[in-house]
1. Just to be sure before I move on: is Arg65 open to solvent by 70 Å² or more (accessible area, probe 1.4 Å), modelled with pLDDT of 90 or more and within 25 Å of Arg239 (Cα to Cα) in the structure I sent?
2. When you scan the range 136-194, how many residues do you find that are in a loop (DSSP other than H, G, I, E, B), modelled with pLDDT of 85 or more and touching a helix residue (DSSP H, G or I) at 6+ places or on another chain (Cβ under 7 Å)?
3. So the check is Cβ under 7 Å with 6+ separation or different chains; which pairs have a first residue in the range 273-296 that's free of Cβ contacts under 8 Å to residues at least 24 places away in the same chain and a second one that's open to solvent by less than 70 Å² (accessible area, probe 1.4 Å)?
4. Inside the range 74-94, can you point out the residues that are surrounded by fewer than 20 Cβ atoms within 10 Å (Cβ to Cβ) and under 22 Å from Lys253 (Cβ atoms)?
5. Scan the range 235-251 residue by residue and report those that are farther than 21 Å from Arg267 by Cβ and either of a type in the set (Val, Ile, Thr) or open to solvent by 60 Å² or more (accessible area, probe 1.4 Å) (or both).
Amino acid sequence: MEGQDQDQEDQGQDQDQDQEDQGQDQDQDQGQDQEERDQEKRPARVVGLSLCDSAPLLWRAQDLRTVRSLGLVGALLGSLPRTPRQNIRLGRPLLLLPEEERLLREEGAAVLPEQNQDVVGVAPAEGAGPQQQYEEEQQRSFQQQSALALEDRKSALLRAMTSSPAGSGSGTGSNETLQRLLLDLHQNFTFPRSALAVQLSTSRAGLSYCPEARSFLQASWPIRAQDEPRSQARYQVFRDLRGRGFFLTSAGKFGGDFLVYPGDPLRFHAHFIAVCVSLDESMCLLDVLAVARLGSNVKKTVLLCSPAPDGPVRYTSLQWSGMM
């Protein structure tokens, strides 16, 4: 009997130990799952914001790719270096909507200007002062522009030789002459320093990478952080629509708050014009008719978006059907 009791006690201890091991394994699995979920929520890359009169700008190409992968579009403002006198195709910087900037900051995917001292650009070498950095940058720019000018001169020479009657004839003589001219041009070409194109400094501190210049606009953050009811309603609508998978841009020229796209704006047209109004806000009937008529003319549906105080956003669609 004593031997049987001892066996039962041993079996009970083994079962308790197995249960404890299973519980520890489950806790470890739950902890690993939670860590994986947290890592998925964390942004893959943090973008560096710059301010220009309280307007959030992105300058780096990798930051533009990052926010695009997050479904944020923004608007390009800068001119292209080779074609500055046109506004059909624009380049960096990228201007973000206030709602896009707030969403990035809440998700931890953006660095505020006061923390963005060593994010923009390449870290300077140890012991290199501002004057030395400026001279090195000017030298790199001079070498790049010299190579571009040489290529342009070679292209002009090739066009001139091929278009002239003497150079258009076939034969080894014309080819040898062309090769000799190109070789002479390559050996004797000089790009004068006076022709170097430089970027002039601007008086707007927000367009500078200098930490001292950016600190000048730190006072703009409390002003921009004011919790206005209108701004809060716009942000709730923006976050809700973005959470549903839509892409949003500004709709100022359409008389609304946001243009709502079913996918990337490079591939789709906007389907909706979002107008943000509170639930207790009264609207003039003529304003409703005007925005509905405008939406019909541009083949878009008008959405009246009203965030509830403690609930989801309520949407009301308006479509023009005709005069009664």
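1. Values: open to solvent by 70 Å² or more (accessible area, probe 1.4 Å): yes; modelled with pLDDT of 90 or more: yes; within 25 Å of Arg239 (Cα to Cα): yes.
Considered against the rule, which asks whether it is open to solvent by 70 Å² or more (accessible area, probe 1.4 Å), modelled with pLDDT of 90 or more and within 25 Å of Arg239 (Cα to Cα), Arg65 comes out as yes.
2. Taking the range 136-194 and keeping what is in a loop (DSSP other than H, G, I, E, B), we get 164-171, 189-192.
So of that shortlist, the ones also modelled with pLDDT of 85 or more come out as 189-192.
Checking which are touching a helix residue (DSSP H, G or I) at 6+ places or on another chain (Cβ under 7 Å) leaves us with 189, 191.
Looking only at that region, the number is 2.
3. Met283/Val277
4. Restricting attention to the range 74-94, the residues satisfying the condition of being surrounded by fewer than 20 Cβ atoms within 10 Å (Cβ to Cβ) are 75-92.
Within the range 74-94, Ala75, Leu76, Leu77, Gly78, Ser79, Gln86, Asn87, Ile88, Arg89, Leu90, Gly91 meet the criteria.
5. Gln236, Val237, Arg239
The values are calculated or read from the model by the stated rules, or taken from the named source; none is laboratory data. Source: prediction; values computed, not measured. Because the Cβ atoms are built from the backbone with ideal geometry, glycine has one as well, and the counts that use them run over all protein chains shown. With ligands, DNA and RNA removed, areas are computed over all heavy atoms of the protein, side chains included. Shrake-Rupley method; radii C 1.70, N 1.55, O 1.52, S 1.80 Å.
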